[in-house]
Structures are given as C-alpha cells and as structure tokens.
1. Calculate the spin-label point distance for residue 8 paired with residue 82, positioning each point 7 Å from the Cα along the beta-carbon direction, and give it in nanometres.
2. Length gain on complete extension for the stretch residue 25 to residue 48, per 0.36 nm per residue less the alpha carbon to alpha carbon distance?
3. Which distance in nm do the two modelled labels at residue 59 and residue 36 give, with both placed 7 Å along the Cα-to-Cβ direction?
C-alpha cells in the first residue's frame with residue numbers, strides 16, 4: 001500500500017515548483033494569515049473580561065433599561081401620532 005503524503009509535504013512539493021516571485025507572494029500571504037491570527041488570538045482575554053465586567057455593572061444595566069424604555073415610548077408616540085387624524 002502506498003504512503004499518502006501529508007498536506008505539509010504536498011505544500012513543500014508545490015513550493016519547489018514556484019519561481020522566486022511566486023514564493024514571495026506565498027510568504028506575503030502567510031504573513032497576512034499570521035497577523036490575522038495574532039489579531040484574533042486570546043491575548044485580549046483581559047480586555048474581554050473587563051468589557052464584560054463593565055457591561056454587567058449596575059449602572060450600565062440601568063442605562064440600557066432606560067434606553068429601552070425610551071425607545072418603546074417613542075415608538076408608542078409615533079404610533080399614536082400616526083393613528084390620530086390631523087385636523088385642518
């Protein structure tokens with residue numbers, strides 16, 4: 001039974017067939033992938049915990065509740081205004 005090559009080996013074979021310009025483009029692409037990985041890495045866990053803590057703070061919960069009440073009140077006012085006929 002023949003051995004199957006791994007994806008890494010397949011990539012190495014393909015790299016061998018590329019010219020220098022194409023290899024540079026592949027390296028640029030890899031660099032982009034690495035920077036995106038760093039940007040989404042869990043290194044910002046502390047920031048996420050801080051944001052979560054602040055979002056759950058009592059003042060923020062009250063502010064969100066007041067904002068929601070105000071939004072509902074405005075929608076109700078608009079419905080009332082739209083339902084009442086205007087007199088000329």
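1. It is 6.2 nm.
2. Between residue 25 and residue 48, full extension yields an extra 4.8 nm.
3. 3.9 nm
Throughout, read-outs are computed from the coordinates displayed, never taken from laboratory work. Just so you know, these numbers come straight off a predicted model, no measurement behind them. Cβ: placed from backbone, ideal geometry, glycine included. Neighbour counts: every protein chain shown.
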